[in-house]
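Bear in mind that the values in this text are calculations on the coordinates, not laboratory data. Just so it is clear, the model here is predicted, and its values are computed rather than measured. Cβ atoms come from the backbone with ideal geometry, glycine included; neighbour counts cover every protein chain shown.
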Amino acid sequence: MVTPESGQKRTDRSPWNWLLFVPIVLPLLTFLFNADEPRLAGFPLFYWLQLAFILVGVTCTTIVYRMTK
Amino acid sequence: MSGHTTELVVFVVLFLIVSGMGFVAARWRRPDNIESLHEWGLGGRNFGTWITWFLVGGDLYTAYTFVAVPALVFGAGALGFYALPYTVVVYPLVFLVLARMWSVSHVHGFVTPADFVRARFGSPTLALLIAITGLIATMPYIALQLVGIEAVLKAMGITGHLPIIIAFAILAAYTYQSGLRAPALIAFVKDTLIYIVILAAVIYIPAKLGGWDFIFSKAAEKFAKTPAPGDGILLTGANQLQYITLAFGSALALFLYPHSLTGVLASKNRNVIKRNMSALPAYSFLLGLIALLGFMAIAAGTKPVVNPATGKDDNNTIVPVLFDQMFPDWFTGVAYAAIGIGALVPAAIMSIAAANLFTRNIYKEYINKHASDAQEAKVSKLVSLVVKVGAVLCILLLDPQFSIDLQLIGGVIILQTLPSVALGLYTRWFHKGGLIAGWAAGLSAGMWMLYLIPNPSNGKLHFGGSAFPLKNLGFDTTMTIYAGAIALTVNLVVAAVVTLILRAAKVADGEDATSRSEYFADEGDPRVKDLDLSGSH
C-alpha cells in the first residue's frame, strides 16, 4: 500500500481553495487604490497598496498550501 | 567608449564567469545520460524548491522586463505599473492548474503543452496548432532578450551588432552542451546580482534624489505638462479597464508560454510547485520596485539614448542610463552585467522549450514517427540552435520595434491556447472541432484588433499597442480594453457554440487518453515516471 502523502489523492478540491480568489480579485479592483492619498513614506496609495497586495497573495497561497497538503 | 572603461571591464568579467558556469553545468547533479530529451530539456525533472524558484523566477522575470517595465512607467506612468498586479494575480490563479499539469505530464511523459492537448483531445491537428502557436509566441520573446542586452551596450556607448552575436554564440554553445542545467545554475548568479542591484538602487537613488515624495511629485509634474491624456501617476477613467484587463490577461497568458511550463515540469513534485507559488511573489516585489525606477529617471532628469537609426529617443535605455548617472562606475558595471546575464537565462529556457515543441509535436509527429530518444535529443539540440540564430537574425535584419510588436502580438495569440490547455486540465467538455474553431476565431479577432491600434507617439498606424478603443465596437466612450481579453472571449464563445453544434450533429470526437486520477498523481506514485521517455506516445 502506498501512503496518502505519496500521491494517491483523488481530488484537489478543498474549501480552502476559495481563499485563492482573494489575491486574484483584490489587485484588479482599481477603485480601491486609484488615489494619491493617504501616502505612506512618500508613496501614493496607488503604489504602496498594490505592493502590499503581494503580502496578501503570499499569505493566501501559503495558507491554502498548508491546509491542503 | 571613453568614460565607460571600468563598467565595461566589470561587465565582461562577470559575463565570462557566468558563461564558464554554463559549460560546467553539464556535470552538475550528475545526469546518468544526458543524451535523452528529458535529461537535456527538463534537467532530469528532479529540481527541488530552491532551484525551481531560481529557474522559474529567472525565466519569467526577464532582462526585457527589467528594461521595458520602467521604460513604460517612464513614458506613461501608472499604466506601466500593471506589471505588479499581473504578477500578484498569476500565482494564486495557476496554483491548482500547474499542479494538475505536473501530475498528468509526469504520468504520460508530456514535455510540452501540445503533448497534453494531443492526448487529452485525441487530435494531432489541434496539437499541431497549439505547438505552432507556442513557437510563434516564443520566438520574438527570445529576440526581445537581445533588446535587453542591446540597451545595456548602448548605454556603454557600444554600437554595432558584433557583441550581441558573440553573447548569443556563447549562450548557444552552453545550452547545446548542458541543456536546462545551464540556465538553472546561472539563474542563481543572475538573481543574486539583480537583487543586490535593485535593492541598492531603491535605497540609494531616492536618498540621493531627495526622497520618494520628491520623486512622485516630479513625475506628476512631468505628466501634467505632456499633451497625452492617458498618462499620470494615477489611472484615468479611460485606461482603468485597460489596466485591469491587461493585468488579468497577461496573468492568464504567462503559464501558457511553453517556456514557463518547462521550468514547472522540471520540478520534483507537486509540493515544490505549490511552495513556489507562495515564494515567487518575492520577485513581484522586486518588479514593483524596478517599475518605480521609471519615476526615479524622471526625477533625475535622465535622458534616454537617441537611436541613431530612427533619430528618436530609445526609452529602453532609460534604466541603464539612470544607473550610469547615479552609481559609481564599478557598480554600474555590476548592474549592467545583471541585466545582460538576466537575458541569457530566459533566452536559454525559451529556446529549449521551442526546441522541445518542434521535436515532439512536429518532428516526431509528422517527420520521423519512430525517432529514438537519442535522435529526439539531437534534433532538439539542433533546433534550439536554429531558434537562437533566428532570434539573432531578427535583431540584425529587422527593426527592434518589430520584435516588440511581435511580443505584443505573442501575448494575444498565446492566450488563444487557453481553452485547450488550461481549461483542458479541468474539463473534457469542449469538442476538438470546437476548440479548433475557437482558436481560429480568437486569433483572427485578435489580429484584427491589433491591426487597428495606432501608436501616435511613433507615428505607426497599425500594431501600435494592445489598448483597443471600445468606440471601434460602437460604444460611445473613450475607454480602452486589452485586445487579448476580447479575443479570448470570442474564442470561448465560438468554441462553446461549435461544440454544441458538433455534439448535436453527432460528429465523432477524439479519444481522451488521460483519466481523472492522473491529474492528482504525485512523486512516489508508481504511475509517475521520471526519466522514461519511451513509455510516452
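For the reader, a short list of remarks on this structure follows.
- Partner chain coverage, peptide B:267-278 - average Cβ within 10 angstrom: 3
- Chain B: relative contact order as a whole-number percent, Cα under 8 Å and 6+ apart: 31
- Distance in nm between pseudo-label sites at B:I196 and B:T489 (7 Å out along the Cβ direction from Cα): 4.9
- Cα gyration tensor, chain B - rounded (a/c under 1.5), prolate or oblate: oblate
- The residue among B:M326, B:L265, B:F285 whose Cα reaches farthest toward the positive pole of the charge dipole of chain B, with charges on the beta-carbon of Lys, Arg, Asp and Glu, is B:L265.
- Sorting B:M296, B:M447, B:M350 by the number of Cβ atoms found within 10 Å of their own Cβ, with the fewest placed first, yields B:M447, B:M296, B:M350.
- Working note: Debye formula, equal point scatterers on the alpha-carbon atoms of the range B:305-347, no solvent; log10 I(q)/I(0) at q = 0.15, 0.17, 0.23, 0.27 Å⁻¹ is -0.46, -0.57, -0.83, -0.91.
- Using a Förster distance of 22 Å, the FRET efficiency for A:I63-A:R13 (Cβ separation, nearest 0.05): 0.85
- Amide hydrogen neighbours beyond the local backbone of B:K460, cut-off 5 Å, H modeled: B:N455
- Approximating the spin labels as points 7 Å out from Cα along Cα→Cβ, the B:A440-to-B:D329 distance works out to 6.2 nm.
- Computed from point charges on the beta carbon alone (+1 for Lys and Arg, -1 for Asp and Glu), the dipole magnitude for the range B:372-502 about its Cα centre is near 180 Debye.
- Two-site label geometry, A:L29 and B:A374: point separation in nm, points 7 Å out along Cα→Cβ: 6.1
- By the helix-only formula, in which each DSSP H run with n ≥ 4 contributes -39500 (n - 2.57) and the sum is divided by residues, the protein assembly as shown has a 222 nm mean residue ellipticity of -21500 deg cm²/dmol.
- When the charge dipole of chain B is built from unit charges on Cβ atoms (+1 for Lys and Arg, -1 for Asp and Glu) and taken about the Cα centre, the candidate among B:W50, B:M296, B:P227 whose Cα reaches farthest toward its positive end is B:W50.
- Short-range pairs are left out: with C-alpha atoms under 8 Å and at least six residues apart, the relative contact order of the range B:423-483 is 20 percent.
- Averaged over the residues of B:78-91, the number of partner chain Cβ atoms lying within 10 Å of the residue Cβ comes to 5.
- Taking the Cα centre of the protein assembly as shown as reference, the dipole from Cβ charges on Lys and Arg (+1) and Asp and Glu (-1) amounts to some 960 debye.
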